[in-house]
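To keep things clear, I will list the structure first and then write my remarks on it.
Laboratory data are not the source of any read-out in this text; all were calculated from the coordinates shown. As the structure is a prediction and not an experimental result, all values here were calculated from the model. So basically every Cβ, Gly included, is an ideal-geometry build from the backbone, and we count neighbours across all protein chains shown.
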Amino acid sequence: MGRGSTERDIRNRLDAVGDAEGSRSDVRVEWTDADPEARPDGIRWDPPTDDEPGLLQYDTWTAQRETLEAVDGGNDIVAFLAGYGSGKTLLGVRWIIKQALEYPGSRFLVLGIDFQKARDTTFRVLFEQLPGDRTGVVTSSYNGPETSPIVADYNRQNHRLTFTNDTVIKLGSADRWNRYAGDEYGAIHLDEPSHYGEDLYDLLEMLGSRLRGVDGPQTMVWTLTGNGQNAAFDVLERGVDGNGDPLGLNIETVRASTLENPYLDDATKERFKRQYAGTDREGQALHGGFADGGGAIFKRDQLRFVDTDDAPEGEYRYRIGVDLSYVSSSSRAEATDSDYTAVVCAAVPSNGGPVFLSDLDRRRGLTLRESIGWVREIADHVPGRPTVVVEEVGASTWWAQEARQTIPGAIEPVTPNRSKEARLQDLAVVFERGDVALANHDLDDALGYDPKWRPFVREWLQFGEAGDSPDLLDAAYYAVEGAVMGADTGVRTRVYVDKQDAASRPVWE
C-alpha cells in the first residue's frame, strides 16, 4: 500500500491482518542480552504461526537494561544520558515500538529536534527497527515502514505510523511542540532534548498533561548526549523548571559510556578516544556528561538584552532585514519542512550610540509574491519609511524588483561576498562589543529576556551544528549591515528602537 492509501484501504487491511501470515497483531516483544556475533543488528524476528504469536527480540547491553529497569520503576522521566555512538536513539525507539505492540489501540509520541533532523535520524532509526526488509527506506515511490508485518499504514503527510493492532505512533518535533497540546498519549520518547533549547521548559509542562486518556506506562524516556548546562541539565540534574522551582517529578538518569557499547566496533572506539579523550568534551562525547557541547559557534552570554525604557530620546530610521525562503504552497512547506521567511526590524538613531533590534517574525510556506505582501503589512506599521534589506541572489532579484512597486520606503538589495559563517561571526562581534542589543518589551524574569526572542536565541546557540537553519540570524545581519560602519568588522551597526512604540508593544503589532 502506497502514499495514496485511503482510510477504507487502511481499515480493510486492519480487518484482514488476522488472516494474513506474518501480519497479525499478536506479537510479543522481549529484551535479550547483547550478542553482536549472533545478531550484528541486535534484532531477531520470528513471524507468527498458527500456534504461536510473533516474537520480536531486541538486544540490550548493561546501561540500556538499567534504563529499562528504571522505566519500570514508576518514574515520570527516565533519561539515557550517553556519549556518541552508544545506541541512544536505538533504545528509545525500540522501547516505544514495544509499548505500541503491548497496548492495542493506544497512542504514543516520538519527538526529534526538528523535522529535518528527526527525519534523517530519529524517524529513520525507528523505521529500521521494525521487523521486515527495507523498512527504513522512504522515497517518493516507496513507503518502507508499510512493508513491515506489524505496520498497517505510514502517513507521511501527517507523520503518523499506524500498527496492525490500531496503535498509532505520532512523529513530531520539538520546534513545533504546541501542535501536540490537544492530544493524549500512553508514553513519549524525546530524542536529544539537550538540543531543544529553552523551549524544553514549556514542552515538558505541556507533555506532562498529555500523558493520560489512553493505555500505556504514562512516562517519558529521554535519550540524549549532554550539551552544556542548559534546560535539559536543569531538569535532569537540578530537578527545576525555567523559573528555578522544583518540578515535583520522579526523574532517574542512567549514564552510559560509549566505550562500553558492545555493538560499536573497536576502530570507532579508538577513533573516539583519540578525538575526545583529554579534551573538555570528553565527558559529553564519551561518558554521558553535561560538558559544553562545543558544536555551536556562539554562546548565550554574547547576546545583550536591554529594557526599552532605557532607550534614549531622539530621531530614528528603521531597517527591516528579510531572509527569504519560498515554496509553491504552504502545504508543501509543511510536508518538506522548508526554511522560514524571516524578518527582523532594527531602528537606527540619528546620533549614533549602542543598539536595539526591536522585533522579529517568521513564516513558513509563503510564495515569493505572498512574502512581498506580508513584508508590506509589516512596513506599513513601522514608523517613517523603512529600508527593506534583502539578499540579491537568484529569485531574490525578482523579489526586490517587485517589492519596489508595493512596499513603502526603500528596497536595498545586498550581495554578500563572504560566507554565511563569516557574516554571522561579524554579527557576534558587534553583539559582544555592545553595539547591538535585543529589545525587551515584555521581560520574563525566568528567561531573563522577552520570550519572543526564544527562536532567535535557539538559532544563536545552534548555529554551527549540522542542519541548522539560521533564518532569523541572517535577517538580523541584513537589518544591521550598512547602518553605521564598525571599526573592526564589515557589519555596520548602532541601533535603538523608538521608545514610545517599544514601551507598549512590538513595532508592527
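Counting DSSP beta bridges with both partners in region 73-217, what percentage is antiparallel, nearest 5? If you can, show how the numbers build up before the last one.
On the way: 8 of 17 bridges.
Of the beta bridges lying entirely in region 73-217, close to 45 percent run antiparallel.
Return the FRET efficiency for the residue pair D307, R369: r is the Cβ-Cβ distance, R0 is 35 Å, and the value is rounded to the nearest 0.05. Write out the running numbers ahead of the final one.
On the way: r = 38 Å, r/R0 = 1.10.
Between D307 and R369 the formula returns 0.35.
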Cut-off under 26 Å on the C-alpha distance; same-chain residues fewer than 8 positions from K269 excluded. Which lysines are left, in chain and number order?
K88, K117
What list of ³J(HN,Hα) couplings, whole Hz, do you get for region 405-419 from phi and the Karplus terms 6.51, -1.76, 1.60, once you set θ to phi - 60° and write x for glycine and proline?
7, 10, 9, x, x, 9, 9, 10, x, 10, 10, x, 10, 10, 5
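Rounded if a/c is under 1.5, else prolate if a/b is larger than b/c, else oblate: which is region 194-312, with a ≥ b ≥ c the root eigenvalues of its Cα gyration tensor? If you can, show how the numbers build up before the last one.
Values: a/c = 2.81, a/b = 1.20, b/c = 2.34.
Because a/c hits 1.5 or more and a/b fails to exceed b/c, region 194-312 counts as oblate.
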Here, K299 and R212, labelled 7 Å along Cα→Cβ, have an inter-label distance in nm of 4.3 nm
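Determine the relative contact order of region 89-231: mean sequence separation of Cα pairs under 8 Å and six or more apart, normalised by residue count, in whole percent. Write down the numbers at each step before the final one.
Details: 286 pairs, mean separation 41.4, N = 143.
In percent, rounded to a whole number, it is 29.
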Estimated inter-spin distance, R238 and E432, nm [label 7 Å along Cα→Cβ]
2.5 nm
So which lysines pass the test for K420, namely a Cα distance under 18 Å, with those fewer than 8 places away in the same chain ruled out?
K299
In region 382-415, which residues have a backbone nitrogen under 15 Å from the label point lying 7 Å from A422's Cα in the Cα-to-Cβ direction?
415
Can you compute the modelled spin-label distance between R134 and A267, with each label point 7 Å from Cα toward Cβ, in nm?
2.8 nm
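Which trypsin sites (Lys or Arg not before Pro) from region 411-451 combine a DSSP loop assignment with at most 11 other Cβ atoms within 10 Å? Don't skip to the end; give the middle numbers.
On the way: sites: R418, K420, R423, R433; in loops: R418.
Passing sites in region 411-451 are R418.
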Expressed in nm to one decimal, what extension gain is obtained for the pair E205 and V393 from 0.36 nm per residue of sequence separation less their Cα-Cα distance?
63.5 nm
Global geometry of region 58-213, whether rounded, prolate or oblate, following the gyration tensor of its Cα atoms and the 1.5 cut on a/c:
rounded
Full extension from E260 to Q157: what is 0.36 nm times the residue separation minus their Cα-Cα distance, to one decimal in nm?
33.2 nm
Amide H of L357 versus every other amide H placed in the peptide plane: which residues, excluding those fewer than 5 positions away on the same chain, fall under 5 Å?
A437, L438, A439
